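Notes follow the structure.
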Protein chains: 2
Amino acid sequence: MSSTLSALPPPTAAARDKALRLLERALGPSKVVTDPDACVAFVRDESEAEGALPFAVVRAESSADIMAALAVAREAQVPITPRAAGTGRTGGAVPRSGGIVLATLGMNQIKEIDRREMLAVVEPGVVLGDLHGAVEAEGLFYPPDPNSAESCALGGNVAENAGGPRAFKYGVTREYVLGVEAFLIGGQRVTPGRRTVKGVTGYDVTALLVGSEGTLAVFGDITLRLVPKPPAVMTLLALFSDVRAASVAVANMTGAGLVPRCIELLDSHTLEAMRAAGNDFRQEAGALLLIEVDGEPGETEVQAERVGNACDGALEVLVAQDAGQREKLWSARREMSRAVRKLTRFKLSEDVVVPREQIPELLDRVAQSCDALGVRHLTYGHAGDGNLHVNFLWDHEHEAPTVERAIEQLFRDVIALRGTLSGEHGIGVLKAPYLPLEQSSELIGLQRDIKRVFDPGGLLNPGKIFPGAGHRAC
Amino acid sequence: MSSTLSALPPPTAAARDKALRLLERALGPSKVVTDPDACVAFVRDESEAEGALPFAVVRAESSADIMAALAVAREAQVPITPRAAGTGRTGGAVPRSGGIVLATLGMNQIKEIDRREMLAVVEPGVVLGDLHGAVEAEGLFYPPDPNSAESCALGGNVAENAGGPRAFKYGVTREYVLGVEAFLIGGQRVTPGRRTVKGVTGYDVTALLVGSEGTLAVFGDITLRLVPKPPAVMTLLALFSDVRAASVAVANMTGAGLVPRCIELLDSHTLEAMRAAGNDFRQEAGALLLIEVDGEPGETEVQAERVGNACDGALEVLVAQDAGQREKLWSARREMSRAVRKLTRFKLSEDVVVPREQIPELLDRVAQSCDALGVRHLTYGHAGDGNLHVNFLWDHEHEAPTVERAIEQLFRDVIALRGTLSGEHGIGVLKAPYLPLEQSSELIGLQRDIKRVFDPGGLLNPGKIFPGAGHRAC
């Protein structure tokens, strides 16, 4: 295991001074933030991962600024951590070794929407919700929809390979990135990929960069494939006695060849939290599915009816009759994170995937290990994909090591059930210690070697993905 | 540019003898073919690329055999070229430097079809058509459908990232590969990927291997995502006065949000060739579209009607009323390659992609340069994707350099129209000299460095993809 890939020690004062001098010369003072009170806002993202205070934040306004910052980082040999909106859930944008933060949120232009070729070209700071709105106004659709859609940005979405509920039908970010403008440490620009949907020219470097968590390159322009906007959407909410009954309904749907765009699952503990927050789900309900189908209007109605039939084991099935009712059903789902937050002082949400038929088994195992350890938990997620967010809740710092044991047991159970450690949040800092549970040392070694091709000095976003690179924050 | 990535010189007699001794010891005589009369069958694939005679062909029957052969190649320092069915169109399976051919066509077991999780695990020698049949019997569907479906094998499909007509709706092989068992030079085994659809654990090494044309690793078991089999399919054939009118119809379809599973285009020269082979397309037709829609029965009929409306500029639209008529419409498309072959002694089919709106412009440019050079040509392909197969035809060897000029002009036009050099056939030997037309030296250098991570000695499938690695065979 190479030490160059572990979190670097903070830069020396001499390296820092050199970097600051070079940054000022290349970018001028207006784009370089050095006031610690301002820099401190860039220490964390929306995870529990902790960063070190950067000595400078570059607010890039153009590709040239990205290139300049990456050139300075290499010349002064200081760590540099790219950051778009900083909404990540595993610490991908957290500057583990301080140094420079390269903020691209200011590069927020949608440069092109080509209706005929069905593609968009966006800068890395474009907020996902803005892209959704812009392409839907043109009759087009960009499916990925992480919960943070109104605040996350495309640069981070591509770096983390973001998902969301609609992935069940439409796939995740990787399915929509045709090509990228990518800047390497030192500032070199490469443009893997293409503007056409098909293409097999050389290795798929684009796919390698998608989901590489800012450790291989920093994105400039991103070329995204779009699809036609589905003209009709219908939303159903079904309540079940327990997760096992809900899983039977999901199996009925997939077995019947149905592909709803979303199948969201909430377990009994999540429903309990939502009841505590004022939602009036009936007491005997121990699981909820929120299902959405889309397509042509007639077809969508037929699908909704078939989904309803698949839910014949439900206590109750509600169908939203209009946009207002649809919004009401979703608002509960969106409020969930806040409702859960109210229950507890500390919360850690683990994003895992198991084969969808194994969801009840995984939840049984989580209940068993958490009960044994006395750890509170609740689970919701994307049942169609088997992608669950298992939340661990605690109130006192001294409980953290116990929670840590529950989390490690979760990961072991996920692997035993032939699942994977992360469905859409990435590995970042928080899951790096657990990578060897899923991947062999040979496969990890191969990835370290690929990292070294792009970044021999380990300066770009150090302390991420690889074991030894990070540690748990809780 | 590293010489290790160019086609290696043929192995020395000492290296060959060492390799043969080691192969015999590791695999026994029954799996190692050394008779030159038998080895000669492995010199070529279905392209015009020329290989050198291998001194041994390993007929692998198991993963252990693959590992053994790769270990021998490294120990004896001889080139080794993996090969599944050898149906490639750019020379990917051709042993450019002789050495060992590692044939995996004998590993042809479908090891698992999981209906509930909608996935299949196949060995690399499974013939694509056999997989189609097996999964469709279970109500499932594996969309990629290159023209060679009845003879090509999954190992090659994944290595080349195969496409086919249905890619317009369903995407290409890369969209269906969840994970692979991959063997590196030396025999080391890694298993990137997963059995779940979602997953962002580490770099996407699976995606890097898909389409890497056998230059990074050799595939063992391949885990493929499946989708529900569409219950209904309808096929339409529309005749137009020319390609421009057909392109308007394609634009009408995509503009209306329609996503047929295939939109196949035949140009006037192709129709002429088919008339010469006995098809009775009306004389005034200068372009043909073969369009297929699928889904639930009612929805499919609605789509077919809308496709018909989009073709309002057609001379004639035929709708297949049953499976027999459907088969008749497709048989003409499938016979095409044979019909074209009858016209000429030499034929080179170039697989290129342009933004779909640029198809008429590209064909105008091809006509212009070919007319100026006196080269015969015809084009068909996947109009929805802008993926065209431009065929150059000639009868005398002395015409080859002129054809070569026409081909280079095609590639320059493709790039000028913001397209890509290969949609589904790969770069292999034949297109390697042209890679710099599309990709910068920095991007090519990065890919060479990635190659070196996997195969420092350049022993695995040498002479492919990279410029200087191959040459045109015509």
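What single numbered condition from (1) part of a loop (DSSP other than H, G, I, E, B); (2) at pLDDT 95 or above fails to hold for A:Asn147?
(2)
Name, by its number, the condition in (1) in contact with a Gly (Cβ under 7 Å, 6 or more places away or on another chain); (2) of a type in the set (Gly, Ala, Ser); (3) more than 9 Å from every other protein chain (Cβ to nearest Cβ) that does not hold for B:Gly163.
Tallying (1) in contact with a Gly (Cβ under 7 Å, 6 or more places away or on another chain); (2) of a type in the set (Gly, Ala, Ser); (3) more than 9 Å from every other protein chain (Cβ to nearest Cβ), B:Gly163 fails exactly one: (3).
Quick check on A:Val390: is it over 18 Å from the mean Cα position of the chain (by Cα) and more than 13 Å from every other protein chain (Cβ to nearest Cβ)?
no
I'd like to know if region B:452-469 contains one or more residues that are charged (D, E, K, R), within 14 Å of chain A (Cβ to nearest Cβ) and surrounded by fewer than 16 Cβ atoms within 10 Å (Cβ to Cβ).
no
Got a sec? Which of B:Gly313, B:Gly278 is surrounded by fewer than 20 Cβ atoms within 10 Å (Cβ to Cβ), modelled with pLDDT of 95 or more and not in a helix (DSSP H, G or I)?
So the residue among B:Gly313, B:Gly278 that is surrounded by fewer than 20 Cβ atoms within 10 Å (Cβ to Cβ), modelled with pLDDT of 95 or more and not in a helix (DSSP H, G or I) is B:Gly313.
What residue, of A:Arg261, A:Arg194, A:Arg244, is more than 8 Å from every other protein chain (Cβ to nearest Cβ) and more than 26 Å from A:Gln321 (Cα to Cα)? Walk me through it before giving the result.
On the way: A:Arg261 fails: more than 26 Å from A:Gln321 (Cα to Cα); A:Arg194 fails: more than 8 Å from every other protein chain (Cβ to nearest Cβ).
Going through A:Arg261, A:Arg194, A:Arg244 in turn, just one is more than 8 Å from every other protein chain (Cβ to nearest Cβ) and more than 26 Å from A:Gln321 (Cα to Cα): A:Arg244.
Which one of the conditions (1) within 22 Å of B:Thr196 (Cα to Cα); (2) within 8 Å of chain B (Cβ to nearest Cβ) does A:Tyr434 fail to meet, given that it meets all the rest?
That leaves (2) as the condition not met.
Condition test on A:Gly171, is it modelled with pLDDT of 95 or more, surrounded by fewer than 21 Cβ atoms within 10 Å (Cβ to Cβ) and at the interface with chain B (Cβ under 10 Å from one of its Cβ atoms)?
So A:Gly171 passes the test.
Which one of A:Arg189, A:Arg166, A:Arg195, A:Arg225 is surrounded by fewer than 24 Cβ atoms within 10 Å (Cβ to Cβ) and within 17 Å of the chain's Cα centre (by Cα)?
Only one candidate qualifies: A:Arg166.
Do we have B:Leu184 as at the interface with chain A (Cβ under 9 Å from one of its Cβ atoms) and touching a Phe, Trp or Tyr at 6+ places or on another chain (Cβ under 8 Å) here?
The answer is yes for B:Leu184.
Limited to region A:198-218, what total is found for residues that are more than 7 Å from chain B (Cβ to nearest Cβ) and within 16 Å of the chain's Cα centre (by Cα)?
Total satisfying the criteria: 4.
Any residue at all in region A:236-255 that is more than 30 Å from B:Lys229 (Cβ to Cβ), crowded, with 21+ Cβ neighbours inside 10 Å and not assigned by TED's automatic domain parsing to the domain that holds A:Phe141? Break it down into steps so the answer makes sense when it comes.
Of all residues in region A:236-255, those more than 30 Å from B:Lys229 (Cβ to Cβ) come to A:239, A:241-242.
Within this subset, residues satisfying the condition of being crowded, with 21+ Cβ neighbours inside 10 Å are A:239.
Those left that are additionally not assigned by TED's automatic domain parsing to the domain that holds A:Phe141: A:239.
Yes, there is a match, as at least one residue in region A:236-255 is more than 30 Å from B:Lys229 (Cβ to Cβ), crowded, with 21+ Cβ neighbours inside 10 Å and not assigned by TED's automatic domain parsing to the domain that holds A:Phe141.
Sort out which residues of region B:86-141 are in contact with a helix residue (DSSP H, G or I) (Cβ under 6 Å, 6 or more places away or on another chain) and among the basic types (Lys, Arg), and write them in order of number.
If the condition is that a residue be in contact with a helix residue (DSSP H, G or I) (Cβ under 6 Å, 6 or more places away or on another chain) and among the basic types (Lys, Arg), then B:Arg116 is the only one that fits.
If you check A:Gly426 against the conditions, is it out of contact with any Gly (no Cβ under 6 Å at 6 or more places or on another chain) and either within 14 Å of chain B (Cβ to nearest Cβ) or modelled with pLDDT of 95 or more (or both)?
Against the criterion (out of contact with any Gly (no Cβ under 6 Å at 6 or more places or on another chain) and either within 14 Å of chain B (Cβ to nearest Cβ) or modelled with pLDDT of 95 or more (or both)), A:Gly426 does not qualify.
Being within 20 Å of B:Pro355 (Cβ to Cβ) and of a type in the set (S, T, N, Q) narrows it down to one of B:Ser241, B:Ser247, so name that one.
Selected residue: B:Ser247, the only one of B:Ser241, B:Ser247 that is within 20 Å of B:Pro355 (Cβ to Cβ) and of a type in the set (S, T, N, Q).
So, in region B:297-310, how many residues would count as being buried (at least 19 other Cβ atoms within 10 Å of the Cβ) and under 31 Å from the mean Cα position of the chain (by Cα)?
Here the count works out to 5.
The values are calculated or read from the model by the stated rules, or taken from the named source; none is laboratory data. Note that the structure is a prediction, hence the values are computed from the model and not measured. Because the Cβ atoms are built from the backbone with ideal geometry, glycine has one as well, and the counts that use them run over all protein chains shown.
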